[in-house]
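The values are calculated or read from the model by the stated rules, or taken from the named source; none is laboratory data. Bear in mind that the values here come from a model prediction, so they are computed numbers and not experimental data. Here the Cβ positions follow ideal geometry from the backbone for every residue, glycine too, while neighbour counts run over all protein chains shown. Only protein heavy atoms, including side chains, enter the accessible area calculation; ligands, DNA and RNA are left aside. Shrake-Rupley method; radii C 1.70, N 1.55, O 1.52, S 1.80 Å.
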Amino acid sequence: MFILFLFWLVQCICHYINVYLAEDLNQQRTQVLQGLAHRTVEQSVGSWEAMLWTAVQQCLFWALAGALVVLLALYWWLRKRIHEMDNRRDSESEESEEENPAEINTIWIFSRRFQLSVPKLASRRRVVQELLSDLLQVSHNLFSDSFFPVLEPIIGVGSACEGWSPHKEEDVVYCMFVPLKPPRGHAFHLEPDSMGGMPQTSRRIRVELVCTCTGEQPDQNMLCFLHHSEEELKRNQAASLLHTLCTGPYLDGEKIALWFQTFVISAWSMVPQSRHYSMKVLPSCRSCKMKLMKHSGRSLFVETVFGVQQGDSDIFLSSQPTEAQLPPSTTWLESYAVAEAKFFRHVAMQAPPRSCHLKCLRLCARLLKGSGLSTYALKTTVMHLLTLIPLSEWQHKYLLMRVDDIMCYLRCCLEEKRLKHFFFDNEDMPKEISLPPAFQEAQPLNLFQHLAQDPAAQTEALKEFDDLQYHLYFGF
């Protein structure tokens, strides 16, 4: 049909050009004949007219040929684009039918409605990691002669660094964990906390002075805090950690956060990122929260949390308190964030291409937002299922099945009032994750212990969960 249209269009163009040229040539011929008095001249004009007509015909032919080539090229380009769009539409339709046997793809509708497209987490995470690494390098230069805690290389933790986030892209917070090591002449000793109210998950960090006079490599440029007089120390050496960031003999999380916030403000102009971003330190008593703003108006939110490693394991004591309670500033809570980030890196390396486990997390987190169920309970559920269900069964075509597994697992845990903590007494733990020996012998923590102690809360949680499930499968 399109070829017939092109042929008709070319015929029309040729007809109108012939008519126009014929009229124009007749007018020129009449003028020339009227102005010539001799027959020989008339013969010359006739020859000239014939040559002109031949040249015009040749120009017309090539112009029409060029126009036809352009139109044919346009036709084949449009045909190719339409063919590609049809193929893409067919493949998406086939994939949708394969992944969801139901008549209505509720997951697809839910994803569209809540804009669950994958955010550009990786590129922004790299920007944040480079910024913190540059800041730590500046800190090493500034505090090399002091006795503040040694800031170790950062570790990305939290949902944004694990590859998923329940928030929209502009609301994502990039959390960076900064391990602390004792400075020269100091040592950290972890003690059970009798004041925090959570003896299983909280500790205090006692700071002790260590003799630097003897040893394999004694520091000749440092006075020993134990064997030099206080007057000599005050006159020739910076104050010890016990006199700066401790309360009594214990490391103080609030003092460390304030020290780091002050450092960030004073050192901001020294990092390359200051040329591209303006920075504002946000209020926080146990961490350092920053808002980075570009000239385009785009913002990045960064939170730096401090931690002390338990031995050589992936379990740390964190300065960041839980939302449920605010313990004393010398109480440090056990954090599994580093081990969790390591677990998700392990899964990413073992999972098949286009694995849906992160999309399941994002989708369910958005669904459960505002309910009584915490995001951490959801993440724990997914981590359990990632060790129970073979990773080959987490391909994208099984998305709806895996979401259904997550919701069923959560409901069973609500009914039984028990959700086992992932890192305690877990025989399916990947070998790449290092845990303290006591974790294999410790009594498993129950994340739903509050439901076991309050039957009314369990009844309300079950009702709320059933409503959420109904909206997931029938509310769209």
Exactly one of THR375, THR380, THR387 is surrounded by 20 or more Cβ atoms within 10 Å (Cβ to Cβ) and either under 30 Å from ARG204 (Cβ atoms) or over 22 Å from the mean Cα position of the chain (by Cα) (or both), and that one is THR380
Looking at SER133, is it surrounded by fewer than 20 Cβ atoms within 10 Å (Cβ to Cβ), among the polar types (S, T, N, Q) and at pLDDT below 90? no
Go through segment 394-425 residue by residue and tally those that are free of Cβ contacts under 8 Å to residues at least 40 places away in the same chain and within 27 Å of the chain's Cα centre (by Cα). 4
Residue count, segment 392-402, condition closer than 12 Å to VAL347 by Cα and surrounded by fewer than 16 Cβ atoms within 10 Å (Cβ to Cβ), comes to 1
Of residues in segment 429-449 being more than 24 Å from ALA351 (Cα to Cα) and modelled with pLDDT of 90 or more, the one surrounded by the fewest Cβ atoms within 10 Å (Cβ to Cβ): GLN449
From the list SER229, SER266, SER299, SER240, exactly one residue is more than 17 Å from VAL150 (Cβ to Cβ), among the small types (Gly, Ala, Ser) and surrounded by 12 or more Cβ atoms within 10 Å (Cβ to Cβ). Which is it? SER299
Could you name every one of the strands (runs of 3 or more DSSP E) located completely within segment 150-193 that has at least 3 residues being not aliphatic (A, V, I, L, M)? 173-181, 186-192
Consider VAL264 against the criteria (1) in contact with a Pro (Cβ under 7 Å, 6 or more places away or on another chain); (2) of a type in the set (Val, Ile, Thr); (3) not in a loop (DSSP other than H, G, I, E, B): it satisfies all of them except one. Which criterion is unmet? (1)
Which numbered condition LYS255 misses (of (1) open to solvent by 40 Å² or more (accessible area, probe 1.4 Å); (2) free of Cβ contacts under 8 Å to residues at least 60 places away in the same chain; (3) among the charged types (D, E, K, R)): (2)
Filter segment 412-428 for residues that are part of a helix (DSSP H, G or I) and open to solvent by 60 Å² or more (accessible area, probe 1.4 Å); which is nearest to MET383 (Cα to Cα)? CYS412
Sole exception among (1) within 21 Å of ALA160 (Cβ to Cβ); (2) outside any strand (DSSP E or B) for LYS280, by number: (2)
Residues in segment 153-189 that are open to solvent by less than 60 Å² (accessible area, probe 1.4 Å), at negative phi and in contact (Cβ under 8 Å) with a residue 24 or more places away in the chain: how many? 23
Looking at segment 280-294, is at least one residue open to solvent by 20 Å² or more (accessible area, probe 1.4 Å), among the hydrophobic types (A, V, I, L, M, F, W, C), under 22 Å from the mean Cα position of the chain (by Cα) and modelled with pLDDT under 95? yes
